[in-house]
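Encoded as structure tokens, the structure appears first; notes follow it.
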Amino acid sequence: MSNKSEVIATENLIKTKKRSQSADVWRRLKKSPTAMIGLAIIVLFLFMALFAPLIADYDDEAIKMNVRERLQPPSTTHIFGTDEFGRDIFARIVWGTRISLFVGLISVSIALSIGGFLGAIAGYYGGRLDNAIMRVLDVLLAIPTILLAITIVAALGASVLNLMIAVGVSNIPGFARVVRAAVLSVKDEEFIEAARAIGANDFIIIVRHVLPNSMAPIIVFATLKVASSIMGISSLSFIGLGVQPPTPEWGSMLAGGRAYIRDYMYIVMFPGLAIVMAVLSLNLIGDGLRDALDPKLK
Amino acid sequence: MSDKLLKIEDLVVQYITDDGIVEAVNGLNITVDRGKTLGLVGETGAGKTTTALSIMRLIPHPPGKIISGGIELDGMDLLALNEQRLEKIRGDVVSMIFQDPMTALNPVITVGDQIAEAIMIHQKVGQAQASQKAREMLEIVGIPGNRSNEYPHQFSGGMKQRVVIAIALSCNPKLLIADEPTTALDVTIQAQVLELMKSLKVKFQMGMVLITHDLGVVAEVCDDVAIMYAGRIVEQGTLEEVFTEVKHPYTEGLFNSIPNIDDRKEKLKPIRGLMSDPYNLPKGCSFCDRCDYAMPVCETEKPPKIYFSDTHFVECHLYRDQQDFKLKGGMK
Amino acid sequence: MTKYILRRILMMIPVMLGVTLLVFFIISLTPGDAASMILGQEATEESIAELREEMGLNDPTIVQYVRYMGDLFQGDMGNSYATGKTVNSEIAQRFPNTFVLTVSAIFLSVLISIPIGVVSATRQYSIFDNVGMIIALVGISMPSFWTGLLLIIAFSLKLGWFPSGGMEGFISLILPAFTLAIASTASITRTTRSSMLEVIRQDYINTAKAKGVTRNVVIRKHALKNALIPAITVIGLEFGILLGGAVLTETVFSWPGIGRLMVESIQRKDTPMVLGSVIVFALAFSVVNLIIDILYAFIDPRIKSNYS
């Protein structure tokens, strides 16, 4: 009985520590104007993604070709103008937000869960298992991330699902390394010893004690990786290996508008700005978080 | 030339941070005679290192700032000098040994070059001559000169501290500031390094400020002692005066915290409590909330400076009305 | 030193073998039949079957891999399905172009980023630092294919200073090299700044100042060399990102390098060519990392002495 109460007590201790820590982090984060700007922008994008149907009609404005209205400059009816098929660029950017954020988040989740699992067991158990996992990851790391993603999509075929798999898999080694390092840094702390001493098994120790206490660098890394994944997705779409037309996606909008830049530069202006804003906002948040989590590094 | 090598008067140094102002040094006065060694004693956070960095004019700014006061070294007003003049003085007239030898040496430069650098700057000699002198310096601190081409990671902690000492003494400074030079070392190595410093002090005939929290080290090396608490000197005197006629309750507390080898059954009497919050120092005596002799006046008024001899003074209310007041804890 | 370099080269071999294995298996997942592709639509069933047998396409993937590796060790990466030319000749022809592009880009980034990073760190929180760091973050957040398009619009279509694509002399290198350099410049600047900030707080910087070393020499001699150690790591990683970025930049500027070759080959389902391109990219990246590790040993005596 006392065993159990001790477990709960230990856990509560760690939890209260966590809670006060996160309040502290939030307090420091609020002080950073750049992080707050980033947060505001990404909330705006989330809002656009969530309420896309209320902002613009998918079939009518973002997909249907309208030859009579093609290549119109920004105006009150089409605030960002229209593209080479007469589709409203603003509507396509709004709907593109859904794809970018969704694919970005899912692919980072894939990378985080597989890479995180590999990194956690490698770091926690060490020895041969660690060695084996890290050697395999070295192979993946020897291929530049975007090239690995391109290769995977090239083999599997271009689709939204394959795009998520490709970007996700190519980010596995990065996450594995970060999680492994984070686990290594807390593995020998005394509260882990304490948990082991009161009979917690490895799974409980990893999931309830090691991971929550090594979360900080992982959260920062994940935030930055969502940013680079959004960039990766539009890159793949730009070279025709990602989201296929006519589905609105920022990168493929740029690819489509490329031929018209001489006279209609707004075609590539706005989708590009959308990518920059989304990626920049996440980078701002990631930077702010890192400073807030580790004030001495500022 | 005055017989005072270093004279610090009413020095005030603050660190201005987002969370408030840290009053690290508040009206500090010390003097060091030529060729003499002053022990600056106090616990962590008393402002000892800040004092040392002030003499070097190396207080990191921001957040640190020398607010007021004066520092006179060898007749020069250090606070009035520009950066170029200071660069000529640092390493030449005054040198400093830092606390942690593990981090005090540049990991990517050979120890010989690190010693030779100071020589080349101040003695206007060429690379070859400076390297030769660097090897001699290594020999002086007890390291074979042929190791001068090695990098810091190839030396042990005690050896590194010897290298740091060699750097500091390479231009024969008039004043050496040693900031806890033995704290980071193993006990056995501590004694060796201390012995080395003692002999070099004589050999080079330099004045020294030895910063420490260890009264044993003070007894070993120093001529004068200044006890520092919360940014002020609370008691100062010759080694003998301070060790035989303890006046300040804090000094007494420091002595009572040392284990007595002759009487092992005797209980240690550590000073209770912690040093006052440097962001928010008390209005009266900074030590009063930890003091066994505290009186009401201690909380409201800054204690006066009371002299017992030309060299021995204390800052304490206890002696204001009765100079012969005796502290109750017996001396060992 | 030689021992260290040899060791690093030996360590590369299993990784490169792993890379070929991995890439070969990923590519083998590509749907479609190579034989019918090569022979075109008019080919008969029998001739396709015959070619399949001849090419060994009916063998298990692992057997095909071993055969591929056997050829690779003799310096043969097979023939293009689309043109019939050898992959070797195509890559040999294109590789120098990618090499010139990426090396100029990394050279450009290092040249710009290290001084800016150092100045930012020594004047932390100054206007220079704040503005510089915001620009750097924006730089990291800009997709190279978009930056490339903007540069084409401004400097080629509007101002007419540079060609918008192709490869005709030095002048056509400028826009793509800049495009490719932007992101890595930004991130090397950030790393240099933060590692400088870390280094200038170290005790040995105080030791140097206490010796009377002047501010400039402290920065150049004592701080920079230490700060370069992490910066070099990032330069190596950035080179990898740069190689990936070359795929996009070469596409935007019609630069005839391996990146563009790879994209074209993917669109044509020219598997041997895709395979060859990826392997060459990975090899280039590994060689860069090797060079970085050797540079390391030159800068950081702690590494050198471990192997001497």
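Here the condition is being away from chain C (no Cβ under 11 Å), in contact (Cβ under 8 Å) with a residue 12 or more places away in the chain and aliphatic (A, V, I, L, M); of B:ILE177, B:ILE167, B:ILE140, it holds for B:ILE140 alone. For A:MET269, the criteria (1) out of contact with any Asp or Glu (no Cβ under 9 Å at 6 or more places or on another chain); (2) assigned to a loop (DSSP other than H, G, I, E, B) hold in every case but one, which is (2). Filtering B:ALA184, B:ALA178, B:ALA166 for residues that are among the small types (Gly, Ala, Ser), surrounded by fewer than 21 Cβ atoms within 10 Å (Cβ to Cβ) and under 20 Å from the mean Cα position of the chain (by Cα) leaves a single hit, B:ALA184. Can you tell me which residue in the stretch B:59-77 is farthest from B:VAL246 (Cα to Cα), limited to those that are part of a loop (DSSP other than H, G, I, E, B) and touching a strand residue (DSSP E or B) at 6+ places or on another chain (Cβ under 8 Å)? Of everything passing the filter in the stretch B:59-77, B:PRO62 is farthest from B:VAL246 (Cα to Cα). Of the residues making up the stretch B:270-278, one or more are over 30 Å from B:THR17 (Cα atoms), at pLDDT below 85 and either assigned to a loop (DSSP other than H, G, I, E, B) or not small (Gly, Ala, Ser) (or both).
For the criterion of being within 13 Å of chain C (Cβ to nearest Cβ) and surrounded by fewer than 16 Cβ atoms within 10 Å (Cβ to Cβ), B:LYS203 fails. Being hydroxyl-bearing (Ser, Thr, Tyr), surrounded by fewer than 20 Cβ atoms within 10 Å (Cβ to Cβ) and either within 12 Å of chain A (Cβ to nearest Cβ) or without any contact (Cβ under 8 Å) to a residue 24 or more places away in the chain (or both) is the filter here; which residues of the stretch C:119-152 pass it? Of everything in the stretch C:119-152, those that are hydroxyl-bearing (Ser, Thr, Tyr), surrounded by fewer than 20 Cβ atoms within 10 Å (Cβ to Cβ) and either within 12 Å of chain A (Cβ to nearest Cβ) or without any contact (Cβ under 8 Å) to a residue 24 or more places away in the chain (or both) turn out to be C:TYR125, C:SER126. Within the stretch C:195-207, which residues are facing another protein chain (nearest Cβ under 7 Å) and of a type outside the set (Asp, Glu)? Within the stretch C:195-207, C:GLN202, C:TYR204, C:ASN206, C:THR207 meet the criteria.
Is it the case that the stretch B:94-111 has a residue that's more than 9 Å from every other protein chain (Cβ to nearest Cβ) and modelled with pLDDT of 90 or more? Yes, the stretch B:94-111 contains at least one residue that is more than 9 Å from every other protein chain (Cβ to nearest Cβ) and modelled with pLDDT of 90 or more. Filtering the stretch B:279-331 to residues that are more than 20 Å from B:GLY42 (Cβ to Cβ), among the charged types (D, E, K, R) and not in a helix (DSSP H, G or I) leaves B:LYS283, B:GLU301, B:ASP310, B:ASP324, B:LYS326, B:LYS328. Among the candidates C:LEU275, C:LEU290, C:LEU243, the residue that is within 12 Å of chain A (Cβ to nearest Cβ), under 22 Å from C:ALA92 (Cβ atoms), under 12 Å from the mean Cα position of the chain (by Cα) and outside any loop (DSSP other than H, G, I, E, B) is uniquely C:LEU243. The condition of being over 19 Å from the mean Cα position of the chain (by Cα), part of a helix (DSSP H, G or I), surrounded by 23 or more Cβ atoms within 10 Å (Cβ to Cβ) and at the interface with chain C (Cβ under 8 Å from one of its Cβ atoms) holds for A:LEU254. Within the stretch C:39-52, not a single residue is more than 20 Å from the chain's Cα centre (by Cα), in a helix (DSSP H, G or I), surrounded by 14 or more Cβ atoms within 10 Å (Cβ to Cβ) and touching a residue at least 60 places away in the same chain (Cβ under 8 Å).
Table: residues versus (1) basic (Lys, Arg); (2) at pLDDT 90 or above; (3) in contact with a Pro (Cβ under 9 Å, 6 or more places away or on another chain).
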| position | (1), (2), (3) |
| --- | --- |
| C:ALA186 | no, yes, no |
| C:ARG193 | yes, yes, no |
| C:ILE200 | no, no, no |
| C:ILE205 | no, yes, no |
| C:LYS209 | yes, yes, no |
| C:ALA223 | no, yes, no |
| C:GLY240 | no, no, yes |
| C:THR249 | no, yes, yes |
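Restricting the stretch C:6-27 to residues that are away from chain A (no Cβ under 12 Å) and more than 21 Å from the chain's Cα centre (by Cα), the residue that is surrounded by the fewest Cβ atoms within 10 Å (Cβ to Cβ) is C:LEU10.
The values are calculated or read from the model by the stated rules, or taken from the named source; none is laboratory data. Quick caveat, the model's predicted, so the values are computed rather than measured. Every residue, glycine among them, receives a Cβ derived from its backbone with ideal geometry; neighbour counts consider all protein chains shown.
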